[in-house]
Amino acid sequence: MRLRIHSLQGTLYDGKAKRLTLPTEVGEITVLDEHEPLISVTKQGLAIVEDGEGKEQFFRINSGFLEVKSGSEVLVLAD
Amino acid sequence: MASLTHLKKRLSGIKSINQITAAMELVAATKMRKAQEVALGTRSYAWSALELLSHIIKSLEEHAPEGLSNIPLLMKREIKKTAIVVVTSDKGLVGSFNSSVLRRLEKFLKEETNPSNWGNVTFITIGQKGADYVRKRGGTLYRTFTNYSDLARLDEISELTSVIVNGYLDGTWDEVLVFSANFISALRQEAIMRELLPMDFKRVKNSIREVVPETGRYSDLKREMLESSEGRPFDYVIEPSPRIALEKLLPHLLRIQVYTIMLEANASEHSARRVAMKNASDNAGELINNLTLLYNRSRQELITKELTEITSTVAAINPTGN
């Protein structure tokens, strides 16, 4: 899937990812390929991204939003 | 004829002023570019947030239209009290930057308010100059923020935004207006009034679009933004609920709006300062030329005078010439 993480300071991540795990208001979720379209409010915590090469990257999130579009496009707005 | 030492002193004074203004011009130019870059850096976030907003609203319209009503930040209510946010600079030497914003504000106050409801207007000022103005004018200062002027920081913006939002939610004011400079290009800024609260989607969209300047270095980004703005809507699952998502998203959008307004004011301030300093440097250069000319002329006159004295002395001592 293609993952983009935007913050007001700029783009934090833009590229391929295998997996994204992050805390939301209704509980922690993991997004994989072909996830159904979803909009969710994220909670303070750590977003874990497994990038195209299987390496894990971490992003701290205070608040924000997760949007999963069809066609395996994932967008995170983070503060 | 002024004495040579006096001229020399003046000349060196003007030269050092010239150096200072030239340096300030360069610094202002760099800061302006920096403010522009930061403002442009927010655009992918801002556009995604707008897109998200349109998806949530669409979903609400389709499935639960009643969820769109009674959202405090969107609701228009009877306007009894107004909060006015004035964005100015802390320091001077910015040409007409502050005075044009304050003139715009003055015009608004004359037209829209009268002394009887003057008490219903509360001011929030950013920058020393605006605070001084409100105090002199006898207005009610709710809060004043200073040290924003180089480049607004995100935590400062969050604080400002929460002051504005909280005052609106607890009824301290019923609308929020912002007076600030809008950055059009490096040579042109204009003072404008924006309505911040209650929120209006079209206005939010416009102010985010304004981030990209009309002309100059970054203007071609405008097209790119317009093209990417239309996404295909999907049938989203929205958690926890569309209404909660919307209520969470609105303050974020407001913060983006405040942030871009502040960054535009920053860019405007720096470019106004750059122009003012350029004029000052040019004037100093002209003065230096004139003074140098005067100095050389005086020096030559002095030499001529001395030579005349010498030759006349020689002639007096030895009148026959041999």
Most positive-pole-ward Cα, A:T24, A:Y13, A:S70, against dipole of chain A from beta carbon charges: A:Y13
Estimated dipole of the stretch B:74-193 in Debye, rounded to 20 [Cβ of Lys and Arg +1, of Asp and Glu -1, Cα centre]: 380
Antiparallel bridge percentage (DSSP; both residues within the stretch A:2-78; nearest 5): 85
For the stretch B:1-67, with +1 on Lys and Arg beta carbons and -1 on Asp and Glu, the positive-most of B:A46, B:A23, B:I57 along the dipole: B:A23
Qualifying lysines (Cα of each under 24 Å from Cα of B:K305; at least 8 residues distant if same chain): B:K8, B:K9
For the stretch A:41-53, Karplus couplings with θ = phi - 60° (6.51, -1.76, 1.60), whole Hz, Gly/Pro x: 8, 8, 10, 4, x, 10, 9, 10, 10, 9, 7, x, 9
Degrees separating the helix B:4-41 axis from the principal Cα axis of chain B, which is the longest one: 20
Karplus (6.51, -1.76, 1.60) ³J(HN,Hα), θ = phi - 60°, over the stretch B:252-259, in Hz, Gly and Pro reported as x: 5, 5, 4, 5, 4, 4, 4, 4
Amide H contacts under 5 Å for B:L196, placed H, 5+ residues apart: B:V176, B:L177, B:V178
Antiparallel %, DSSP beta bridges [both residues in the protein assembly as shown], to 5: 65
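Counting DSSP beta bridges with both partners in the stretch B:26-276, what percentage is antiparallel, nearest 5?
35
On full extension of the chain, what length is gained from B:N318 through B:R137, given 0.36 nm per residue of separation minus the C-alpha to C-alpha distance? Mind showing how you got there, number by number?
Numbers: separation 181, 0.36 × 181 = 65.16 nm, distance 8.06 nm.
Residue separation times 0.36 nm, minus the Cα-Cα distance, leaves 57.1 nm.
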Within the protein assembly as shown, helix-based [θ] at 222 nm, where runs of 4 or more DSSP H residues each add -39,500 (n - 2.57), nearest 500: -17000 deg cm²/dmol
Table column - 3J(HN,Hα) (Hz), the stretch B:298-314, Karplus curve with 6.51, -1.76, 1.60, x for Gly and Pro: 4, 5, 4, 4, 4, 5, 4, 4, 4, 4, 4, 4, 4, 5, 5, 5, 4
Partner lysines for B:K278 [C-alpha distance under 20 Å; skip if fewer than 8 residues away on the same chain]: B:K15, B:K31, B:K34, B:K91
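Each value in this text was obtained by applying a stated rule to the coordinates, not by laboratory testing. Please read these numbers as outputs of a predicted model, since none were measured by experiment. So basically every Cβ, Gly included, is an ideal-geometry build from the backbone, and we count neighbours across all protein chains shown.
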